Amino acid sequence: MNTDCLTIKNQDMKNQYKALKYRSLVLLAAFFLIASVIAVIALCVGASSISVTDSILALIEDNGMARSIVWNLRLPRVIMALLIGIGLGTSGAVFQAVLRNPLASPFTLGIGSSAGFGAVIAIVFFNGLVNEYAVVIWAFIFTLLSSFLILGVSRYKGATAETMILTGIALMFLFSSLSSFLQYLGTKEEVHGIVFWFFGSLSKAGYREIVMSGIMILAPMPFVFRFAFDFNLMTAGDESAGALGVNVSGVRMLSIALASLMTSGAICFTGVIGFIGLVAPHIARMIFGSDNLFLIPASALIGGVLVLSADTLGRTVWLPHVIPIGIVTSFIGVPFFLYLLIKKTKEYW
Amino acid sequence: MLRLLLSSKEFYPVRFFLASFLLSGLIILNVSAPGTAWAGDVTQAIVIEDAFGRKISVNMPVQGIVVLNSDVLEVLRSLRAQDLVKGVYSEIDKDGVFFQEFLDRPRVGSWKNANAELIADLNPSIVIAYENNPGTELEKQLSPFGIQVLRLNFYKLGTIAKEIRILSKIIGREQQGEIFAAWYGKKLDAIQKRFDYIKEKPLVYVESYSAFHTAGPGSGGHDMCVYAGGKNLADEFKVPYSEITSEWVISKQPDVIFKTIAWGNGFERKDRVFFNNVRNELAARPSWNLIPAVKKGRVHVLDSGIWTGPRAVIGVAHMAKCIYPQMFDGLDPEQIHKEYLEFFQKIPYQGVYISENLSGGAK
């Protein structure tokens, strides 16, 4: 009788999980569709007077200037926006999962500030206003440096979530202060450049940047997915996860390193787009639940949708001006996030 | 005796007199001490209007100036007022060769965030700063010391001659100021008058220091473009420095493109390699081969030294010559620059300031 009961319960749970899985897959497909639709819209709108038909035709045939604009300017921008959103959304989800903290994001861990400091160094000392690769390289160096510092301190003090978060917050303040100090030394032209970098921009997105950024963002993806189940176990606490065979500190350290690489791939080329890494995983959690097997791809897709929508709005809503993407992401992300937060009846975290 | 004086009621008037005497002495000592609001011989005051449009009564004679940016320092040198400069902005070392004679002056902090204590220590009569930087807290911090903050920009072409006259009046170098302002006006007029009969001006895209950031009305770059006879693509913008898309530039089909860079110092530059690299990178941007300016090789890179500052007139001359090569065939911007550096600045002419050799010289 008891065995029968257990079997029925087990079957029920399996069915429930199957239904949940099915629901999540459908939702993921829906978000993929949304992202595709926005991508097509983004390819059809812009500052030039090319018609929507010409923009779509430009994808398949050579129709002169339209083709050049769509292939050389709009398409790289769309791909870059999606990549950045995917990178920030995924890394945010990973940080929140391994640190078991809803406030964890690439920016609360100081990675954004350190990239910013690298960019400021490049602008003030290495001609970053003209040589954009100097900015990319220095921002990348500093994101890695801050990640190594977090990992180093964690290794020394034990890789607990608290150690990592506190180290990250300390680094965030340190690098922010260092950036402010260098701004203090900068000329007015340099200070202008720094301010604009911190706003974030996709104007410089080209295929070369996409390849470099894409490698940094997409290469760690399989490893992150590989850890998704471990992340699920870690939500119950380090000890429980350890008892179930998860190498907690190892997974945590490697995940932080991978997520940092994804973050730097996202922000080194475009500047600080801070909000996505925090909010995309929360939105995903509200819609998909806490199973990291779905939460991580969902955060990636939602991040992509948010960045792409923000960039498309930012470059079209006030033509011919471009509203910096860092501002627009907050404009559209915060109300959406608050709406979901208020509408959500049960606790989601 | 002293105890008697202090204790007896009969000596109250004497004690009162002594106390008053001591107090007066202390006040006099305090007033004459350096660094106070009352220091210096205030013989007269003149009222001027600064960049904020504020009427300011400046006490004359001005005995010392703290300078918070390179533009005003350059104008002071043109007015032969180097001796009045008591302190300078900290970033001066970046222009060390150009401003060599000022490198021994004390630094007082950044152009946008000066240190009030250091300025007070130097006890200048006035501090000259940009209109918006540092913030007005500087006035609040320095007013107890009797130090006035004067806001003069020297980077807007429309007001630069007026500001030269104001500054020269304050420092008692009116004659030099008049010569300099007149020279400035004459050079600009010589370019301007040729546009009287131009009906359709070429379209110009002006790119500021950061990529894809253009200069609209309210910015020095826009003024320069207009003074040089160009029609700025961004002439209807409401924002002085705005980010735009590459697509917009291509769709507008500009005839000429100007890009300014602020790396190194044109005064120390020996060749055009750096400018040419920047120009080539600009021309190689995706789909920019569709722009007439790129097709015809009319992309020009200018040094920040001749961009929106006291030397903007030289930048305008370069730009005018780039926009209308035939009309300004006889105009030699380098000659104007040489005249400026050697006659007003009293330093030898040197450096490279633009990607093309417009004067036909050796460089």
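So if I place +1 on the C-beta of Lys and Arg and -1 on the C-beta of Asp and Glu, and nothing else carries charge, what would the dipole magnitude of the stretch B:280-363 be about its Cα centre? I want it in debye, nearest 20.
Value, rounded to 20: 240 debye.
If you take the square roots of the eigenvalues of the alpha-carbon gyration tensor of the stretch A:209-349 and sort them as a ≥ b ≥ c, do you get rounded (a/c under 1.5), prolate (a/b over b/c) or oblate?
The shape class here is oblate.
Report, to two decimal places, the Cα Rg of chain B normalised by 2.2 N^0.38 Å (N = number of residues).
Compactness ratio reported: 1.27.
With a 1.4 Å probe and every protein chain kept in, tell me what percent of the accessible surface of the stretch B:198-345 is carbon plus sulfur.
The nonpolar share, carbon plus sulfur, comes to 51 percent.
Provide the per residue accessible area, probe 1.4 Å, for the stretch A:20-343, rounded to a whole number of square angstrom.
39 Å²
What does the structure give for B:259-266 when I average, per residue, the other chain Cβ atoms found within 10 Å of the residue Cβ?
That average works out to 3.
Could you tell me whether the stretch B:44-179 comes out rounded, prolate or oblate from its Cα gyration tensor? Rule is a ≥ b ≥ c as square roots of the eigenvalues, rounded for a/c under 1.5, then prolate if a/b exceeds b/c, otherwise oblate.
rounded
Considering protein heavy atoms only and a 1.4 Å probe radius, which residues within the stretch B:68-107 exhibit an accessible-area decrease of no less than 30 Å² in the full assembly relative to the chain by itself?
With the partner chains in place, the stretch B:68-107 has these residues losing at least 30 Å²: B:GLU91, B:LYS94.
Evaluate the distance, in nm, between pseudo-label points positioned 7 Å from the Cα of B:GLN63 and of A:LEU319 along their respective Cα→Cβ axes.
In this crude spin-label approximation the distance works out to 6.3 nm.
What is the interface area between chains A and B, defined as buried accessible area summed over both chains with a 1.4 Å probe, reported in Å² to the nearest 100?
3300 Å²
Count of lysine pairs in chain A with Cα atoms under 26 Å apart, counting only pairs 8 or more residues apart in sequence or on different chains?
Close lysine pairs under the 26 Å cut-off: 12.
Using 7 Å Cα-to-Cβ label points, what is the B:SER143/A:PHE125 separation (nm, one decimal)?
Going by the 7 Å Cα→Cβ label model, 4.1 nm.
Hey, any idea what % of chain A's accessible area is carbon plus sulfur with a 1.4 Å probe?
Here carbon and sulfur together make up 71 percent of the probe-accessible area.
In the protein assembly as shown, if the dipole is taken from +1 on Lys/Arg beta carbons and -1 on Asp/Glu beta carbons about the Cα centre, which of B:PHE145, A:ALA19, A:ILE38 is farthest to the positive end?
A:ALA19
Suppose R0 equals 41 Å. What FRET efficiency, 1/(1 + (r/R0)^6) with r the Cβ-Cβ distance, do B:ASP329 and A:LEU33 give to the nearest 0.05?
Values: r = 62 Å, r/R0 = 1.51.
Calculated value: 0.10.
Tell me the relative contact order for chain A as a rounded percent, counting alpha carbon contacts under 8 Å between residues six or more apart.
27 percent
Counting heavy atoms of the protein chains only and a 1.4 Å probe, report the per residue accessible area for chain B as a whole number of Å².
About 45 Å² of surface per residue is accessible.
What is the distance in Å between the Cα centres of the stretch B:256-310 and the stretch A:144-212?
Answer, in whole Å: 30.
What's the extension gain from A:LEU338 to A:PHE148 if we count 0.36 nm per residue and subtract their Cα-Cα distance?
Additional length available on full extension: 65.0 nm.
Per-residue ellipticity at 222 nm for chain A, helices alone: DSSP H runs ≥ 4 residues times -39500 (n - 2.57), over residue total, nearest 500 deg cm²/dmol?
It comes out at -25500 deg cm²/dmol, rounded to the nearest 500.
List for the stretch B:280-327: residues with 40 Å² or greater reduction in accessible area, all protein chains versus chain alone, probe 1.4 Å?
So the qualifying set is B:PRO286, B:SER287, B:LEU290.
Working only with C-alpha atoms, what are the Rg and Dmax values of the protein assembly as shown, expressed in angstrom?
31.9, 117
Where the centre of each part is set by its Cα atoms, how far does the stretch A:64-137 sit from the stretch A:238-307, in angstrom?
15 Å
Dipole size in debye (nearest 20) for the stretch A:268-349 around its Cα centre, Lys and Arg Cβ +1, Asp and Glu Cβ -1?
160 debye
For the stretch B:198-345, build the charge dipole from Cβ charges (+1 Lys, Arg; -1 Asp, Glu) around the Cα centre, then report which of B:TRP263, B:SER251, B:GLY230 sits farthest towards its positive end.
The listed residue farthest towards the positive side: B:SER251.
Could you put B:GLU174, B:GLU342, B:GLU200 in order of accessible surface area, largest first, with the 1.4 Å probe and the full protein assembly present?
Reading off the accessible areas and sorting them downward yields B:GLU200, B:GLU174, B:GLU342.
Only protein chains counted, 1.4 angstrom probe. Which residues of the stretch A:39-55 are at least 20 Å² less accessible in the assembly than when their chain is isolated?
A:ALA47, A:SER48
Normalised by the residues of the stretch B:209-363, what does the relative contact order come to in percent, with Cα pairs under 8 Å and at least six apart?
Contact order relative to length: 26 percent.
Quick one: if you stick a label point 7 Å off each Cα along the C-beta vector at B:ASN280 and A:ARG226, how many nm between them?
The modelled label-to-label distance comes out at 4.3 nm.
How large is the charge dipole for the stretch A:20-343, taken about the Cα centre, if only the Cβ atoms of Lys, Arg (+1) and Asp, Glu (-1) carry charge, to the nearest 20 debye?
Numbers: 16 positive and 13 negative charges, 68 e Å.
Magnitude of the dipole: close to 320 debye.
Counting alpha carbon pairs within less than 8 Å and at least 6 residues apart, what relative contact order, in whole percent, applies to chain B?
Normalised by residue count, the contact order of chain B is 13 percent.
Measuring from centroid to centroid over Cα atoms, what is the spacing of the stretch A:1-55 and the stretch B:80-146 in Å?
61 Å
Along the positive direction of the dipole of the protein assembly as shown (beta-carbon charges: Lys, Arg +1; Asp, Glu -1; about the Cα centre), which of A:MET212, A:VAL279, B:LEU73 reaches farthest?
Highest projection toward the positive end goes to A:VAL279.
The values are calculated or read from the model by the stated rules, or taken from the named source; none is laboratory data. Just so you know, these numbers come straight off a predicted model, no measurement behind them. Every residue, glycine as well, gets a Cβ built from its backbone with ideal geometry; the counts of neighbours run over all protein chains shown. Just so you know, the surface numbers come from the protein's heavy atoms only, side chains and all, with ligands and any DNA or RNA stripped out. Shrake-Rupley method; radii C 1.70, N 1.55, O 1.52, S 1.80 Å.
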